[in-house]
Amino acid sequence: MRMKMIAGNWKLNNNQAATRTFVQNLESWFAAEPAGKKAASAAASGKIEIVIAPPFTSIEAARAAKKSEIIQIAAQNVYHESKGAFTGEVSLSMLEEAGCKYAIIGHSERRHVFHEPDEALEKKLIATLESQVLPIFCVGELLEERSSGNTEKVLARQLESAWKSLTSDVVGKMVVIAYEPVWAIGTGQTASDADAEKACDYIRSLAFEKFGIAASDSLRILYGGSVKPENSASLCSQNDIDGLLIGGASLEVESFEKIIETAV
Ligand code: PEP
């Protein structure tokens, strides 16, 4: 039984005040509302993880505002070097110190807006796995890659490049993969349940071929791309989808709560 994950990627949204308010409201929901209590108890018993990924400057506000371990914090990015002349970058030990459990690596905006290549993402993945921070590694095809029938080829390239030097144990226990078709991110065009499941099943089959049954069975795979309360239950109930990475709909605490509710 793989632990589900509902993760909110806030991108360039939510300053410190908004972060504090969000965390306080979410924790009040966990404490006071029946659906929130159910989610909190699922989190306490290891059935689900609830993660928010604020911008770097709001991470400390999230850590300070939360009163329990129900909410985990992720960074939206990280650099593989530990220190030095790398203006604008943040290291893994800095994320550890700030209280991050996870770091998102290779989000489609990092790949396509900031042009981070596969080789750079492999370095980030390896460095993250050598730290106390765990990776949420994103993969996904562009619309033209999908239209030309190359979805699986793209997923295989992105994953094989990133995890070629990893071991079965590490992949099964520490890695989370997020399948996020680029054409679905922020567009309102969610992948159908069947298409999302097909891609996640394919990712699991790649893990099986390279790392064997134990690692592929325990590897957590999320879907992301225009998830909202209306479609989260059916996406989340697919065999190979172990949770959701949510952008826009994670910014309002009410819609994030509704999505959590559909996953527990
Ligand atoms: C994302 O940013 O990872 C994402 C999936 O965004 P959205 O839910 O807004 O499509």
When all Cα-Cα pair distances of the stretch 14-70 are considered, the percent exceeding 14 Å is 53
Under the helix-only model (-39500 (n - 2.57) for each DSSP H run of 4 or more, divided by the residues of the chain), the mean residue ellipticity at 222 nm, to 500 deg cm²/dmol, is -14500 deg cm²/dmol
Counting sequence-distant residues (5 or more places) and residues on other chains, those with an amide H built under 5 Å from that of VAL90 are TYR79
Working note, the stretch 142-264: Cα radius of gyration (Å, one decimal) and Dmax (Å, whole number) are 14.5, 41
Each label sits 7 Å from Cα toward the beta-carbon; between PHE56 and ARG2 the label points are separated, in nm, by 3.1
For GLU49, the residues 5 or more places away or on another chain with a placed amide H closer than 5 Å to its own amide H are LYS4, MET5, ILE6
A chain fully extended from THR167 to ALA233 at 0.36 nm per residue, minus the present Cα-Cα distance, gains in nm 20.5 nm
Sorting VAL264, LEU219, SER161 by the position of each Cα along the dipole of the stretch 159-264 (Lys, Arg +1; Asp, Glu -1; all at Cβ), the one nearest the positive end of that ordering is SER161
Going residue by residue through the stretch 117-127, the Karplus relation 6.51 cos²θ - 1.76 cosθ + 1.60 with θ = phi - 60° gives ³J(HN,Hα) values, rounded to whole Hz and with x marking Gly or Pro, of x, 3, 5, 5, 6, 4, 4, 5, 5, 5, 4
Taking the reciprocal of mean 1/r across every pair of different Cα atoms in the stretch 1-101, the Kirkwood radius in Å is 14.4
Highest GNM mean-square fluctuation among GLU96, GLU209, GLU49, for the chain with Cα springs under 10 Å, belongs to GLU209
Residue separation between ALA44 and SER93 times 0.36 nm, minus their alpha-carbon distance, gives in nm 15.0 nm
Per 10 angstrom bin, beginning at 0 and ending with the bin that holds the maximum distance, the Cα pairs of the chain fall in percents of 7, 33, 39, 19, 2, 0
The chain, Gaussian network, Cα under 10 Å: of ALA62, ALA196, ALA214, the residue fluctuating most is ALA214
Expected max-MSF residue from GLY248, GLY172, GLY188 in the GNM of the chain (alpha carbon, under 10 Å) is GLY188
Measuring from its Cα centre, the stretch 4-263 shows a charge dipole (+1 at each Lys and Arg Cβ, -1 at each Asp and Glu Cβ) which, in debye to the nearest 20, is 480
Taking N as the number of residues in the stretch 29-170, the ratio of its alpha carbon radius of gyration to 2.2 N^0.38 Å works out to 1.19
Taking R0 as 35 Å and r as the Cβ-Cβ distance between LYS153 and LEU12, the FRET efficiency 1/(1 + (r/R0)^6), rounded to the nearest 0.05, comes to 0.65
The simple spin-label model distance between GLU160 and LEU143, using points 7 Å out along Cα→Cβ, in nm, is 2.8
The alpha-carbon center of the stretch 188-226 and that of the stretch 79-100 are separated, in whole Å, by 29
The answer for the net charge of residues other than SER147 whose Cβ lies under 15 angstrom from its Cβ, with Lys and Arg +1 and Asp and Glu -1, is -3
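Taken together, the values in this text are just the output of simple stated rules run on the coordinates, not laboratory data. Please read these numbers as outputs of a predicted model, since none were measured by experiment. Every residue, glycine as well, gets a Cβ built from its backbone with ideal geometry; the counts of neighbours run over all protein chains shown.
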